[in-house]
Amino acid sequence: MLSQKTRYTIRALQHLADLYPDGRAQMGEIAKAQNIPAKFLTIILSEMARVGIVHSQRGRDGGYQLALHPVDIRYGDIVRLTRGSLALVPCASRFAHETCSHCLPEKDCRLRALMLKVRDETAAILDSITLAHEIETVPEFTDDAASEPASTQGF
């Protein structure tokens, strides 16, 4: 699962992307609109400014805005910046690889092979979608959906 920090970062950057290129938003506006604690948002926006994704301007007319065009900010990059990896297990990480403890040798581990495929497919999707893409919301999850049997076709 995505960390809370990653989810907050994505929502804050989506908010700024909606205002691009002319608008900027103050911290309180972003925090309220995106339901992000202000203290956490301060840290997130500072980190995004440090890596060059967000620009901040002080003063009465100040605020935050994207430093890059939304088309140049991929969701995969945001996840990597905030989470460190797209991999679900340490042995499948491309840049933060670690051998799993209490596991089989990597050359024999089918779980690792599966997780490498998941990582690669996840990266392909997240790296193909930018903040410039229109993303439509979907209906809320209902208990009716939970009662539907999960598809096990092919398993």
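For segment 1-66, please list each of the helices (runs of 4 or more DSSP H) lying entirely inside it that holds at least 2 residues being among the β-branched types (V, I, T).
4-19, 38-50
It is to be established whether one or more residues within segment 20-39 are among the β-branched types (V, I, T), within 19 Å of L126 (Cβ to Cβ) and surrounded by 15 or more Cβ atoms within 10 Å (Cβ to Cβ).
Scanning segment 20-39, I find no residue that is among the β-branched types (V, I, T), within 19 Å of L126 (Cβ to Cβ) and surrounded by 15 or more Cβ atoms within 10 Å (Cβ to Cβ), so the answer is no.
Here is a check on your reading of the model: is A132 small (G, A, S), in contact with a helix residue (DSSP H, G or I) (Cβ under 6 Å, 6 or more places away or on another chain) and either surrounded by fewer than 16 Cβ atoms within 10 Å (Cβ to Cβ) or under 23 Å from M1 (Cα atoms) (or both)?
Yes.
Among A12, A33, which is outside the structural domain of G84 (by TED's automatic domain parsing) and touching a residue at least 24 places away in the same chain (Cβ under 8 Å)?
A12
Six or more apart or on different chains, Cβ under 8 Å: which pairs go from a residue in segment 113-131 that's within 18 Å of A96 (Cβ to Cβ) to one that's β-branched (V, I, T)? Could you list them?
M115/V89; L126/V79
Tell me which residues, restricted to segment 57-113, are closer than 23 Å to A38 by Cβ and surrounded by fewer than 18 Cβ atoms within 10 Å (Cβ to Cβ).
Q57, R58, G59, R60, D61, G62, A67, L81, R83
For every residue, the table says whether it meets (1) outside the structural domain of A12 (by TED's automatic domain parsing); (2) in contact (Cβ under 8 Å) with a residue 40 or more places away in the chain; (3) within 30 Å of S101 (Cβ to Cβ).
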| position | (1), (2), (3) |
| --- | --- |
| L45 | no, no, no |
| R60 | no, no, no |
| Y64 | no, yes, no |
| R80 | yes, no, yes |
| L86 | yes, yes, yes |
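The values are calculated or read from the model by the stated rules, or taken from the named source; none is laboratory data. Model, not experiment: these values are computed from the prediction. For neighbour counting, all protein chains shown are included, and Cβ atoms are generated from backbone atoms with ideal geometry for every residue, glycine included.
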